[in-house]
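Student: For reference, the structure I am asking about is given below.
The values are calculated or read from the model by the stated rules, or taken from the named source; none is laboratory data. Since the model is a prediction, treat every value here as computed from it, not as a measurement. When we count neighbours, we look across all protein chains shown, and the Cβ atoms used for this are built from the backbone with ideal geometry, even at glycine.
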Amino acid sequence: MRGMIAAARAEQRKFTQAEDQRFDALAGDLLRGRDVAIGVGVAGVVTLAAGVAVLVKRRQLMRGYALLPYGGPHGVGAHLRLKF
């Protein structure tokens, strides 16, 4: 995309119809790729949080304390639970 823009600027002209269509296709691919990357990142975070929660829950049965991670739309953090 940068090469197309640079070529058009060097020749001091606007995009041709074919260049405009190619630019729009590249921009669409870029946006779809971004959305996929965000989805994969969110899925990875959810999977990691679930894995940590399972490990903590497993250890919680053996100990008198547990560190429980949490996450939500307003932030992330951890709870420390103690058994007395």
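Student: Can you run down the residue pairs with Cβ atoms below 8 Å, 6 or more apart or on separate chains, where the first is in the range 63-84 and in contact (Cβ under 8 Å) with a residue 12 or more places away in the chain and surrounded by 11 or more Cβ atoms within 10 Å (Cβ to Cβ) and the partner is among the hydroxyl-bearing types (Ser, Thr, Tyr) and assigned to a strand (DSSP E or B)?
Tutor: Taking only residues 6 or more apart or on different chains, the pairs are ARG81/TYR65.
Student: Would a scan of the range 54-77 turn up a residue that is of a type in the set (S, T, N, Q) and at pLDDT 85 or above?
Tutor: No, the range 54-77 has no match at all.
Student: Of the numbered conditions (1) loosely packed, with under 10 Cβ neighbours inside 10 Å; (2) of a type outside the set (Ser, Thr, Tyr); (3) touching a Leu at 6+ places or on another chain (Cβ under 7 Å), VAL56 fails exactly one; give the number of that condition.
Tutor: Among (1) loosely packed, with under 10 Cβ neighbours inside 10 Å; (2) of a type outside the set (Ser, Thr, Tyr); (3) touching a Leu at 6+ places or on another chain (Cβ under 7 Å), the lone unmet condition for VAL56 is (1).
Student: May I pose another question? Need pairs with beta-carbon distance below 9 Å; first residue surrounded by fewer than 10 Cβ atoms within 10 Å (Cβ to Cβ) and within the range 13-35, second small (Gly, Ala, Ser); sequence gap 6+ or separate chains.
Tutor: Taking only residues 6 or more apart or on different chains, the pairs are LYS14/ALA8.
Student: In this structure, is GLY41 surrounded by fewer than 10 Cβ atoms within 10 Å (Cβ to Cβ) and in a helix (DSSP H, G or I)?
Tutor: It is false that GLY41 is surrounded by fewer than 10 Cβ atoms within 10 Å (Cβ to Cβ) and in a helix (DSSP H, G or I).
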